[in-house]
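The values are calculated or read from the model by the stated rules, or taken from the named source; none is laboratory data. Since this is a predicted model, take the numbers as computed values, not measurements. Here the Cβ is made from the backbone with ideal geometry for all residues, glycine too, and neighbour counts use every protein chain on show. Surface accessibility is based on the protein's heavy atoms, side chains included, excluding ligands, DNA and RNA. Shrake-Rupley method; radii C 1.70, N 1.55, O 1.52, S 1.80 Å.
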Amino acid sequence: MAFGLTSLEKRFKENIKNYGVDQLLDIASLSDYLGALSKATGISFLLVDRHGEKEVSVGNFVGFRPDVVSEPGRKIRVENRTIAHLYVKEDEIREPYAARLVECIAAEMSARALSNYMQIETSIYADELEKKLEKEQYRIKHGEHEDALTGVMNNTYFDSHIRTLDENETVPVGVICANINDWKKVDDVWGHEESDRLIRTVADVLRQEAGEGYLIARCGGDLFHILIPYARDGETEDYVSRICNACDRFEDEHIMPSLACGMMVKTNVEQSITQLLSDAEYEMFDHKFSIKNTREYQERLRKCGLAGS
């Protein structure tokens, strides 16, 4: 399996559940095709999706309610999963060739849907593989220190800095835990590309607002840790205020950067930065709760199509 990707064969078997007939067949062209066949043969056609919702209707099906469970008609199937049902008026099939024609039409729909499905999934797989290759090349070029998605430190390298600061008895040190609000909603609604873009956007804000010597790391999917060695009075609070405000000012159709932050300051050499990060995380959750219950935040969710998701 290449770079941890699900094999193409497994994708074909599993991902079909995410597709509807309107994604695998050109409904407008299919309507024209069935319309022409109906005029030539006198046969009425009704195509519904897997749930029984009408997609194409040619002829008189007034009062007919498709029962896709008990009377499924001709099933249109891809990878052993039904994506649609084709119904005809059986009393209009007067010749043996007509019945055979209907079977061939259903088979052709299944074959066309399968071909389109495999092309789509193969293209997605190729794109994902290309991105994996790009990340691998980035890792090789930049070594093991940087997070491939954002370019900030990765968690392992960040931990080594924590140990160094503690061992060197560096004080004061500003300690910040920053988490992206509703990153999962963006991923669920707009997909991985947009959720990755959200993470990169936040990382860019953290870098842009950082002073010299700030240590920034991505320590989880949507979690960042920041250390400010020899932080001046109020510097940690001021940085948190700037990064939160910068995110709030960001406007976009799909993503809405918003940070929940917790902060502590190491003032005693006996204190552990790791423990302070844990304390900062508790503060971050309190901050997150207060943000997400504001009217302004809910309005931003609505504008990006994320409200209620």
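Observations on the model:
- Check on Lys288, touching a strand residue (DSSP E or B) at 6+ places or on another chain (Cβ under 6 Å), touching a residue at least 12 places away in the same chain (Cβ under 8 Å), surrounded by fewer than 21 Cβ atoms within 10 Å (Cβ to Cβ) and within 23 Å of Arg200 (Cβ to Cβ): yes
- All of Ile243, Ile216, Ile226 fail the test of being in contact (Cβ under 8 Å) with a residue 40 or more places away in the chain and in contact with an Asp or Glu (Cβ under 8 Å, 6 or more places away or on another chain), apart from Ile243.
- Just one of the numbered conditions (1) farther than 30 Å from Lys131 by Cα; (2) in a helix (DSSP H, G or I) is not true of Glu14: (1).
- Unique match (being under 24 Å from the mean Cα position of the chain (by Cα) and either under 23 Å from Ser160 (Cβ atoms) or without any contact (Cβ under 8 Å) to a residue 40 or more places away in the chain (or both)) among Ala210, Ala307: Ala307
Per-residue answers, yes or no, for (1) open to solvent by 80 Å² or more (accessible area, probe 1.4 Å); (2) within 30 Å of Lys10 (Cβ to Cβ):
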residue	(1), (2)
Tyr33	yes, no
Thr41	no, no
Pro72	no, yes
Glu95	yes, no
Ala106	no, yes
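- Filter result for Ile83 (within 30 Å of Lys132 (Cβ to Cβ), in contact (Cβ under 8 Å) with a residue 60 or more places away in the chain and not in a helix (DSSP H, G or I)): yes
- Conditions (1) farther than 30 Å from Thr6 by Cα; (2) of a type in the set (Phe, Trp, Tyr); (3) open to solvent by less than 50 Å² (accessible area, probe 1.4 Å): number failed by Tyr19: (1)
- Just one of the numbered conditions (1) without any contact (Cβ under 8 Å) to a residue 40 or more places away in the chain; (2) charged (D, E, K, R); (3) open to solvent by less than 30 Å² (accessible area, probe 1.4 Å) is not true of Glu193: (3).
- Extreme residue, surrounded by the fewest Cβ atoms within 10 Å (Cβ to Cβ), among residues of the stretch 160-180 that are over 19 Å from Ala210 (Cα atoms) and not β-branched (Val, Ile, Thr): Glu167
- Residues of the stretch 49-60 classified as surrounded by 16 or more Cβ atoms within 10 Å (Cβ to Cβ), assigned to a loop (DSSP other than H, G, I, E, B) and either without any contact (Cβ under 8 Å) to a residue 12 or more places away in the chain or of a type outside the set (D, E, K, R) (or both), total: 1
- Against the numbered list (1) over 23 Å from Ile226 (Cβ atoms); (2) over 23 Å from the mean Cα position of the chain (by Cα); (3) at pLDDT 90 or above, Asp159 comes up short only at (1).
Residues checked against (1) crowded, with 16+ Cβ neighbours inside 10 Å; (2) at pLDDT 95 or above; (3) not in a helix (DSSP H, G or I):
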position	(1), (2), (3)
Leu227	yes, yes, yes
Cys247	yes, yes, no
Cys261	yes, yes, yes
Gln275	no, yes, no
Met284	yes, yes, no
Gly305	no, no, yes
